[in-house]
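The values are calculated or read from the model by the stated rules, or taken from the named source; none is laboratory data. Every value quoted in this text rests on a predicted model; they were computed, and no experiment measured them. Neighbour counts are summed over all protein chains in view; Cβ atoms, including those assigned to glycine, are modelled from backbone coordinates with ideal geometry. Note: accessible area is taken over every heavy atom of the protein model, side chains too, but ligands, DNA and RNA are not part of it. Shrake-Rupley method; radii C 1.70, N 1.55, O 1.52, S 1.80 Å.
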Amino acid sequence: MSKIAVYPGSFDPVTNGHVDIIRRTSRLFDRVIVAVSNNAAKNHTFSVNERIQMLVHSTPRLGNVSIDSFSGLLVDYLHSKKAQVLIRGLRVVSDMDYEFQMASINRQLYPKMETVFLMPDERYTYLSSSIIKEVARLGAQIKSFLPPPACRMLYSRLKQRNRKEES
């Protein structure tokens with residue numbers, strides 16, 4: 001039986017830290033599903049389809065990785081995919097409090113799954129999508145933080161917003 005892992009997130013946009021976790025997870029498990037959350041309550045910069053495309057173009061050579069989206073309970077999604085492992089990235093110690101709570105409740109809801117925590121490469125521990133969007137909006141160079149497809153899409157989106165604000 002193959003081991004299926006799910007790496008969920010908003011990926012708004014996907015960062016080099018996300019890609020690092022995806023690559024490393026792909027070496028540990030037979031199949032990896034990167035699951036883009038479809039949460040209408042959140043105000044995302046990119047649509048679900050745009051985030052999926054960003055991920056597809058940022059992980060092209062990983063044959064055991066597929067990109068999908070989900071809404072609702074994450075454990076229901078894992079169950080529907082017959083996934084046994086939930087991947088979560090930990091950047092800083094403060095992430096652990098929230099992730100520990102989520103892992104505990106997820107285990108109660110779906111006892112057959114395990115949560116595996118991975119730390120990104122040290123170069124990416126400070127990265128978050130929200131910080132990158134903010135510094136890009138303020139004019140900082142972001143090429144070293146995002147894969148090229150995500151960088152192009154974010155710059156394009158910021159230009160669109162700037163044109164709207166100017167008119």
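General remarks:
- Scanning segment 64-83 for residues that are open to solvent by less than 40 Å² (accessible area, probe 1.4 Å) and in contact (Cβ under 8 Å) with a residue 60 or more places away in the chain returns Phe70, Leu74, Tyr77, Leu78, Ala83.
- Number of the exception - Gly139 against (1) without any contact (Cβ under 8 Å) to a residue 24 or more places away in the chain; (2) on the phi < 0 side of the Ramachandran plot: (2)
- Residues of segment 59-89 satisfying the condition of being within 15 Å of the chain's Cα centre (by Cα), at pLDDT below 95 and over 15 Å from Ser10 (Cα atoms): Thr59
- In segment 37-51, the residues that are of a type in the set (Val, Ile, Thr) form Cβ pairs under 9 Å with partners that are open to solvent by less than 50 Å² (accessible area, probe 1.4 Å) and in a loop (DSSP other than H, G, I, E, B), at six or more places apart or across chains, as follows: Thr45/Asp12; Thr45/Pro13.
- Restricting segment 104-148 to residues that are aliphatic (A, V, I, L, M) and assigned to a loop (DSSP other than H, G, I, E, B), the residue that is surrounded by the fewest Cβ atoms within 10 Å (Cβ to Cβ): Leu138
- Among the residues making up segment 84-103, a single one is among the polar types (S, T, N, Q) and surrounded by 15 or more Cβ atoms within 10 Å (Cβ to Cβ): Gln84.
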